[in-house]
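Let me begin by presenting the structure, written as structure tokens, before commenting on it.
The values are calculated or read from the model by the stated rules, or taken from the named source; none is laboratory data. Everything numeric in this text was worked out from a predicted model, so none of it was measured. With ideal geometry, Cβ positions are generated from the backbone for all residues, glycine too; neighbour counts draw on all protein chains shown. To get the accessible areas, we keep the full protein, side chains included, count just its heavy atoms, and leave off ligands, DNA and RNA. Shrake-Rupley method; radii C 1.70, N 1.55, O 1.52, S 1.80 Å.
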2 protein chains.
Amino acid sequence: MSQPAPAAIGTRLEEVDTPALILDLVAFERNQRTLFDLVKNRVRVRPHAKTHKCPEVAKRQVAMGAVGACCQKVSEAEAMVDGGITDVLVSNEIVGARKLERLAALSRRAKIGVCVDNPENLKALGHLGVNLDIYIEIEVGMRRCGIAPGEPAVDLARQILSFKNLRFAGLQAYQGRAQHIRSMEERHRAIELAAQHVQHTKRLLAEAGIPCPRVTGAGSGTFMLEVEAGVWDEIQPGSYAFMDADYARNEWAAPLPRFEHALFVLSTVMSRPSAGLAIVDAGLKASSVDSGMPTLWQRNELKYTHASDEHGWIEGTPSPALGEKLLLVPGHCDPTINLYDWYVVVKDGFVVDLWPITARGAVL
Amino acid sequence: MSQPAPAAIGTRLEEVDTPALILDLVAFERNQRTLFDLVKNRVRVRPHAKTHKCPEVAKRQVAMGAVGACCQKVSEAEAMVDGGITDVLVSNEIVGARKLERLAALSRRAKIGVCVDNPENLKALGHLGVNLDIYIEIEVGMRRCGIAPGEPAVDLARQILSFKNLRFAGLQAYQGRAQHIRSMEERHRAIELAAQHVQHTKRLLAEAGIPCPRVTGAGSGTFMLEVEAGVWDEIQPGSYAFMDADYARNEWAAPLPRFEHALFVLSTVMSRPSAGLAIVDAGLKASSVDSGMPTLWQRNELKYTHASDEHGWIEGTPSPALGEKLLLVPGHCDPTINLYDWYVVVKDGFVVDLWPITARGAVL
């Protein structure tokens, strides 16, 4: 039931059918180098596959030096292992008998880590009887999942030690809310606070005689702040490879690099109903609007002002012609990629590859 | 690359893996009867497949008396024809050589209609050399696609007549903005205005000696207003079969029936980080948030307050237990269905069928 690709290899960009998810290979590769050159001698990199959903991307990240991939879902992790990734951290809690069985089966095929924030869930993991790396997720300001840092986390670590098949692998400490704080200064403050929670918990673990092998976390909006804070051993950025319109609205300054837009939705003007208004064939089923409308690439005179399911409103003059193709920068890359079955990989104006998005729709 | 179904036939609802798209078969069938009983002797019904994306649903609509299906995309229409639907109206403009070739190929396999609002696009359709029903889309208040009603539409109709292989099939007149106007009175006014544009255009067509075989349009939020206005021959509702949280916020009163919620996202509580807060495993990749957050089904004490990609925040007390399963009513059914490969069809608490969503991701 996957959709056919909107172009063949060798097709000119302007002839790709629309809407299509376009990956600018040169910008993507520059983003890869920017990240790995900056951090590879300081922390491990475990990019998040929740963003790209594609083993081909994960393998290229591993080739650059990544230690493996992160996933949020067991079904995503299955797609990564099926695609050749041998080390996957499910940076999330996995609750439910069926999911746990699948996680156990996967742990026989690859090195699998998973997070816990609850003793009951830990017991269910222990009773699977398979070897798993267990990370304790601590709450460091996101107010989502995670056990309170400090004593509660140490107590949970003690419980992990009571299961022979489980290894306490360290802490998951991700400040998701910080990623899109616009001001660098405020983002910095959020990560400093998160770092204090991590340090406090590490100190108590050390006092309890429990080694904490690793602290993992961080995203594209903050990772250098975690690196400089000095208490994270591994980072989990995902969006850096693509960059979306929402991330572009952040303030970017040292120590964070500014990544390039490498991901686009190609659309076609399908109607010219009035002066200054063009309608494109890419609406909210082609570019997710949860973090705002897409922006127009290199067409500053135009603005994407409104989306319905299959249509987008492009306002501005001179208005593009009927049939003209426009590149959109998605508002939010993760849920946009999740709408497509293929990356149409473009270089020098031609389709050079088609990468299947095998974890598209992997919600289980 | 389609995802495996989250349950087998015979599974109890509580044991379906999550997130899963659940269709309550009894409520769905009641919604079907409600619609068809109301209108079948007054207008033709051509339900919109952009909502359901599933030939199995379309076939059940045809069995109730629908004349066929509507689609917004050529690839959607292909999925419907592949699934056994023989009469499809693409209620949208189709622009671009590759799409037109596919439309032409499809017209050899089924009765196909398509909309135009532009002479240049009409020429491209004419030059395909295949038989097509052509509807002129007129702008009736939505300010999206569509040619101006009145003389411009009549002029375009004259141009259709100059192509031997094209048949002028009538007018597409859809007031999309009216569907979610909350007040019945204001919705009524919007449809009255749309009806005036239709009547004016029909009168000018008659004066020009051009028969207008059919006027088609209308959605779930207004269709009885179009029926009572007396100038539409065919209606195109889609959401009526499912009902979502956004439609539920409309004022519903005669002549419109109130449909039941038949579509749900089943989710699992995966974390209980603090008093009064539970985190479920269904975020914005499991239930589209473009029209607001999902609501909780039959759990009035709880509120889904925030979504990130893979997580949902459930606030309220008493807070549900870790592992508890909750039914969510999606904010917007169309883009939510488009995230899934399967309807998990449930009756009397058990999975009774699995319907593949073959047009999921059909954006071309």
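Descriptive notes on the structure:
- Within the stretch B:106-138, being closer than 24 Å to B:Ala69 by Cα and without any contact (Cβ under 8 Å) to a residue 24 or more places away in the chain holds for one residue alone: B:Arg108.
- Test for B:Glu251: is it under 24 Å from the mean Cα position of the chain (by Cα), open to solvent by 20 Å² or more (accessible area, probe 1.4 Å) and at negative phi: yes
- Of all residues in the stretch B:30-57, those satisfying the criterion of being at pLDDT 95 or above, basic (Lys, Arg) and open to solvent by 60 Å² or more (accessible area, probe 1.4 Å) are B:Arg30, B:Arg33, B:Arg42, B:Arg44.
- Residue satisfying condition, being at pLDDT 95 or above, crowded, with 18+ Cβ neighbours inside 10 Å and closer than 30 Å to B:Cys71 by Cα, within set B:Val269, B:Val265: B:Val265
- Test: residue in the stretch A:235-247 that is farther than 30 Å from B:Gly146 by Cα, at pLDDT 95 or above and either more than 15 Å from the chain's Cα centre (by Cα) or of a type in the set (Val, Ile, Thr) (or both): yes
- Members of the stretch A:200-220 that are open to solvent by less than 10 Å² (accessible area, probe 1.4 Å) and under 24 Å from the mean Cα position of the chain (by Cα): A:Val215, A:Thr216, A:Gly217, A:Ala218, A:Gly219, A:Ser220
- Qualifying positions in the stretch B:106-126 - out of contact with any Ser or Thr (no Cβ under 6 Å at 6 or more places or on another chain), more than 14 Å from chain A (Cβ to nearest Cβ) and in a loop (DSSP other than H, G, I, E, B): B:Arg108, B:Arg109
- Taken over the stretch B:315-364, the residue count meeting the criterion of being hydroxyl-bearing (Ser, Thr, Tyr) and open to solvent by less than 10 Å² (accessible area, probe 1.4 Å) is 2.
- Matching residues in the stretch B:285-303 - criterion: being among the β-branched types (Val, Ile, Thr) and open to solvent by less than 50 Å² (accessible area, probe 1.4 Å): B:Val289
- Residue within the stretch B:287-296 that is out of contact with any His (no Cβ under 7 Å at 6 or more places or on another chain), at pLDDT below 95 and more than 10 Å from chain A (Cβ to nearest Cβ) present: no
- Candidates in the stretch A:6-22 are the residues that are closer than 19 Å to A:Pro330 by Cβ and among the small types (Gly, Ala, Ser); of these, the one that is surrounded by the most Cβ atoms within 10 Å (Cβ to Cβ) is A:Ala20.
- Some residue of the stretch A:313-326 being closer than 30 Å to B:Pro6 by Cα and not in a strand (DSSP E or B): no
- The stretch B:127-140, residues that are buried (at least 24 other Cβ atoms within 10 Å of the Cβ) and within 11 Å of chain A (Cβ to nearest Cβ): B:Glu137, B:Ile138
- Within the stretch B:272-284, one or more residues are part of a loop (DSSP other than H, G, I, E, B), open to solvent by 20 Å² or more (accessible area, probe 1.4 Å), away from chain A (no Cβ under 11 Å) and at pLDDT below 95.
- Among the residues of the stretch B:89-99, none qualifies, meaning not one is more than 11 Å from chain A (Cβ to nearest Cβ) and open to solvent by 10 Å² or more (accessible area, probe 1.4 Å).
- In the set B:Gly68, B:Gly84, only one residue is open to solvent by less than 30 Å² (accessible area, probe 1.4 Å) and on the phi > 0 side of the Ramachandran plot; that residue is B:Gly68.
- Residue check for A:Tyr174: among the aromatic types (Phe, Trp, Tyr), closer than 24 Å to A:Lys53 by Cα and not in a helix (DSSP H, G or I): yes
- Any hit, the stretch B:291-305, residues being over 17 Å from B:His261 (Cβ atoms) and of a type in the set (A, V, I, L, M, F, W, C): no
- Listed conditions (1) open to solvent by less than 50 Å² (accessible area, probe 1.4 Å); (2) in a helix (DSSP H, G or I); (3) in contact (Cβ under 8 Å) with a residue 40 or more places away in the chain are all met by A:His197, apart from (1).
- Selection status of B:Arg167, touching a strand residue (DSSP E or B) at 6+ places or on another chain (Cβ under 7 Å), among the basic types (Lys, Arg) and not in a strand (DSSP E or B): no
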